[in-house]
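Okay, so here's the structure we're looking at.
Derivation of every value follows stated rules applied to the coordinates shown; laboratory data play no part. What you see is a predicted model, and the numbers here were worked out from it, not measured in a lab. All Cβ positions, glycine included, derive from the backbone under ideal geometry; neighbour counts span all protein chains shown.
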Amino acid sequence: MSKNVDFSGRPFHFIGIGGIGMSALAYILAKRNLPTYGSDLKSSHITKRLQAIGTHIFWCQDAKNLELFQQISQQKNLSPSKDSSLNFSSIDLRLNAEALMTKKHNGRMEDNQEISELPQVICSTAINKTNSEYKAAIALGCPILHRSDLLAALIQDYQSIAVAGTHGKTTTSSLIGFMLLETGLDPTIVIGGEVDAWEGNARLGESPYLVAEADESDGSLVKLSAHIGVVTNIELDHPDHYESLDQVVETFKVFKENCQTLVGCIDCSTVKKLLQPTISYSLKSDNNADYTVDCVNYQSNVTLARVWERGQILGELQLGLLGKHNLSNALAAVAVGRLIGLEFAAIAQAIAKFEGAHRRFEHRGECNGIVFIDDYAHHPSEVSATLAAANLRKNSQKVTTKSHISKTSLSFTKQNNSLPIQRVVAIFQPHRHSRTQAFVSEFAKSFNDADMVIVTDIYSAGESPLGKINGQQVAEAISDYHQQVYYQSSLESVSKFLHEVLRPGDLAIFLSAGNLNKIIPEVMAYYQKPHYQVVSSETA
């Protein structure tokens, strides 16, 4: 069970507030007018969004960040303007200290009510116990909460829909959140990706509904108790935490027991046999699922399908996201929408408008006839599914009517009409030494739908090298199954290599959960130089 969380007005302090999961939670607290603070090592568009709604952020992770709270807890009726012993100028907290006295949450906290308690300190698994700020919080006696404890408490505060699974969590939770938003249900949303529809990774709504992405990576999934749970699939993806698939399954079994209703994809044999969800969905019409599809048409920019509900036709579904895996994610959203009483027509209309989450087959632009895509794929199954979707762009150059597809798909259609995709170029940055070592054989076979593969070194994500695997060995393993594989040891060398090999008609897809995507703007800028002109489809 998760620890108790106080939403009555006690401050929250996040160590590592700029992380994608931590920042989403901080955003919800700040929007609920709860005193919210945090620390991080650098500014980003995510931290700027938090600052814009009144969150104070310290730009270091240091014990001194907690001094303000210690001083407030020790002194009654603090007035910063009269107490010169407190050096607020050094950390620019005078206004925040005053605001700390007057924060209210839904009318439960009085103006000028004294805050005499130390903050609730929120950490993620990424925060090491040797972190000086963490150690200071322990020494002061601050309540220490894992990120999942806070998420679990928020989930219990709402009629919650928690989306779990090894792959597809972000897209599925974003789809469901967008569907609720478009149908007027005004949800609160907490996800691990950014969506333009709510300008970030979180949104505070006024309704009882909350949609949350539920992460299994560190085992904390067992803390979550949702009204509706969704499981997209189950695989071993985090060998740094789990020793076997059986351990992963046990985590999901606890999650199932904690949820009032479980919606699950029975195309995954593990979900079908070992979880036996309350409500099932499948892309296979002979799988006896509650929700399924037929008449499926995977086009280069849109997926079309007819949806069935327990043997009855619901209607036509149009999805602007590519590939079988995204149709499965959309079917999960249909199942959830129907469970909460939405009409299929409203569900279908919302899904047709959904443009996707950032870094999930995100279209970054086109230069010199080269399409640039950013994707978070970092597991062999994800790489394979994403490249299969990319290959649709090459093998299915169909024109789709504007009225039937999203803005993102419209931009793809225009590009396809001017210059068809001729090659899929996969640029891959392995993520974590433990994952790469565990799945190198599977990665080797995951690039069949790419015409060219470029591999760089492993993004450690804080892990120490195991000394058994490196990026060059990954490239060599892939080359056993693929003719065009190239290893580039650094991001700088990847950029230079792309300057030489990309050509009009290429779809360059950057596959990484690390920092590979930071080179995309530079590579695009290179192909925007005057001496590079778009080549017509006749001469490509």
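When each pair of different Cα atoms in the range 440-487 is counted once in the 1/r mean, what is the Kirkwood radius in angstroms, to one decimal? Walk me through the numbers before you get to the answer.
Values: mean 1/r = 0.0893 Å⁻¹.
In the range 440-487 this quantity evaluates to 11.2 Å.
Taken one residue at a time, the phi angles of the range 130-141 give Karplus couplings (6.51, -1.76, 1.60, θ = phi - 60°) of 8, 4, 5, 5, 4, 4, 5, 5, 5, 4, 6, x Hz. Gly and Pro are set to x. The label-point distance for Lys518 and Ile313, in a model that sets each label 7 Å from Cα toward Cβ, rounds to 5.3 nm. Sorting Cys123, Cys259 from the fewest to the most surrounding beta carbons within 10 angstrom yields Cys123, Cys259.
For the range 158-241, the equivalent ellipsoid built from the Cα gyration tensor has semi-axes of 23, 13, 10 Å, listed from largest to smallest.
Quick one: length gained pulling Asp6 to Ser217 fully straight, 0.36 nm per residue minus the C-alpha distance? So the extension gain works out to 73.4 nm. Over the range 246-382, the pair-distance histogram of Cα-Cα distances with 10 Å bins from zero comes to 11, 36, 35, 15, 3, 0 percent, rounded to whole numbers.
Between the beta carbons of Ser244 and Ala52, assuming R0 = 56 Å, the FRET efficiency works out to 0.80 to the nearest 0.05.
Using the Karplus relation 6.51 cos²θ - 1.76 cosθ + 1.60 with θ = phi - 60°, the per-residue 3J(HN,Hα) values for the range 251-267 come to 4, 5, 5, 5, 4, 4, 5, 7, 9, 5, 9, 10, 9, x, 8, 8, 5 Hz, with x marking Gly and Pro.
Taking the fewest neighbouring Cβ atoms within 10 Å as the starting point, the ordered list for Val440, Val501, Val523, Val211 is Val501, Val440, Val523, Val211. With a Förster radius of 35 Å applied to the beta-carbon distance between Ala525 and Ser489, the computed FRET efficiency rounds to 0.95.
Only lysine pairs 8 or more places apart, or on different chains, with alpha-carbon atoms under 18 angstrom apart are counted in the range 183-311, and they number 8. Sorted from greatest to least, the principal axis extents spanned by the alpha carbons of the range 362-526 come out as 52, 30, 29 Å.
Remind me, relative contact order of the range 444-502 in percent, using alpha carbon pairs under 8 angstrom and six or more residues apart? Before the final figure, lay out each step's value.
Numbers: 63 pairs, mean separation 25.0, N = 59.
Relative contact order comes out at 42 percent.
Normalised by 2.2 N^0.38 Å, where N is the number of residues, the C-alpha radius of gyration of the range 158-353 stands at 0.96. Neighbour counting of Cβ atoms within 10 Å sorts the residues Ile519, Ile138, fewest neighbours leading, into Ile138, Ile519.
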